[in-house]
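Undergrad: Before we start, here is the structure in question, set down as structure tokens.
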Amino acid sequence: MKRGKQLSVNEWIELFKHYKDYLSHNITKKEFYYIYSKIRNSGDSLPSQKAMEYLSKKYRYYNLGMELKESQTGRAPKKGKGSGRPRKNKEEYDKQRNEVIKEIDREVLEWLITDLFKEEILKKHKVDNLDELIEKIKEKFGTNITNKEIMKILGLPKSTFYYKLKKQSNDKNKAFVKHANIIKEAFEKQNGRYGRERLSAYIFKTYGINMNPRTLGRAMNKLGLFCHVRTTCKKKRESKNTNVYYPNIANRDYNGLQNDIYASDVSYIPAPIDVEGKHVYLSILIHHRTKKVVSYNLSINNDTNLVMSHIVKTKFPKDFIIHTDHGAAYSSIEYLDYIKKQGGIVSMSRIGNSLDNREAEYFFSILKSEMFINFEKKVKEITFGELKEYIKNFIEWYNSERILRKFKWKTPQELWGVYNKHNFLV
């Protein structure tokens, strides 16, 4: 459908004349549409309902005595001499500028030049340093000065002036952060592992300073402090012994409210530089109620000894449940017999349900995201002995320093002490 042209005032008046005849039934609808298309130069296309509504509205305003104005849509702007924004009178501008210069103090002027508009002024006046520029200014002036007067003195556009003012204000706000030294110290002590909420609790617990987490988050952004972001890793599949079956007695009682539950699991870690295989293996034993890692072992072999070497060193309570998956070590006769002799009850996850052993799985995710920034890459660059030392230090930090929100920012070790003393009163 061909679009019609913009009408001039005379063309609108002619169209209104025929529209009046149409409303008075002096011409037919078909005749009016023909005239309308001819005036609008829209070919054979009929006017749309929207076009007719617009015509009716414009005709009504015209009858009320309103003036018709020619549309400017689609018209190119005026070009050449006399178009655009009028130029300022240079002589008048220089006169105003000189008058303002007489009223400003040299100290204020130096601050404006050295702190705010150094680059623009040097470039504008083609000088190598500020001393040369200041030497050009002979007068001394008072301190009562408006922004408009400053712009005239410096010969700077309004946009440049306010941009520099805003930038200086932002830089000043960025430079000032309350308790900046304490925030940096607390963040570095935790090796960048704490986000704003946990770091806020840590600062209150350690330094006695109460900081809102959102306020702390903004301060961390200003100081360039960003905690590690967890990256997901493809989980290594391990063989399960489905011939051995034990019920899931723990039944996802992650907080150990019904029973004294321990969880154990094995995690694959990329082999360090001095290990020939592809992986080394970490087995841990974690307490459901307190989240403390009770014992662990790191080995280059994924066998029964990997698990038994730290299980036999653990002092279990009289009645306990130990929950695992169906891994080969946990299905071995040696392991099952030992747990039975200790008075424990074996509980196993359902096949393919890793969440049944969430506590152990969650600890491994914490270790692999918080021990190093790029865990998978870093462990390949160190020796097995160094990895062992790193894991030892991390587990000690996890137990003794990593605070938990769900337990009112206590550490696993603090919870463990309360649990052993009062039993189920954590």
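Only the coordinates and a few stated rules stand behind these numbers; no lab work does. The shown structure was predicted, so the numbers you read here are calculated from the model rather than taken from an experiment. Cβ: placed from backbone, ideal geometry, glycine included. Neighbour counts: every protein chain shown.
Undergrad: For the peptides 352-360, 324-332, what is the packing order when you average, over each peptide's residues, the other Cβ atoms within 10 Å and list the highest mean first? Don't skip to the end; give the middle numbers.
TA: Details: 352-360: 17.0, 324-332: 21.9.
Highest to lowest by the protection proxy: 324-332, 352-360.
Undergrad: Residues with amide H under 5 Å of SER295's amide H, sequence separation 5 or more or different chain, H placed in the peptide plane at 1.01 Å from N; which?
TA: LEU285
Undergrad: Using θ = phi - 60° and the Karplus curve 6.51 cos²θ - 1.76 cosθ + 1.60, what whole-Hz ³J(HN,Hα) does each residue of region 356-366 get, with Gly and Pro shown as x?
TA: 4, 10, 5, 4, 5, 4, 5, 4, 4, 5, 5
Undergrad: Here is a follow-up. Placing unit charges on C-beta atoms (Lys and Arg positive, Asp and Glu negative, everything else neutral), compute the dipole magnitude of region 9-63 about its Cα centre in debye, rounded to 20. Show your work: numbers first, answer last.
TA: Working: 10 positive and 6 negative charges, 36 e Å.
The calculation lands at about 180 debye.
Undergrad: Taking a 21 Å limit on the Cα-Cα distance, which of the listed pairs LYS184/LYS380; LYS5/LYS50; LYS222/LYS406; LYS313/LYS377; LYS178/LYS205 fall beyond it? Please list the in-between numbers first.
TA: On the way: LYS184/LYS380 30 Å; LYS5/LYS50 16 Å; LYS222/LYS406 29 Å; LYS313/LYS377 32 Å; LYS178/LYS205 18 Å.
The pairs that break the limit, which is 21 Å between Cα atoms, are LYS184/LYS380; LYS222/LYS406; LYS313/LYS377.
Undergrad: Now for a different question. Starting from the 7 Å offset along Cα-to-Cβ, what nm value, one decimal, do you get for the label separation of ASP94 and ILE27?
TA: For ASP94 paired with ILE27, the spin-label model returns 6.5 nm.
Undergrad: Among HIS25, HIS179, which comes first, second and so on when ranked by fewest other beta-carbon atoms within 10 Å?
TA: Working: HIS25 8, HIS179 15.
Ranked by crowding around the Cβ, least crowded first: HIS25, HIS179.
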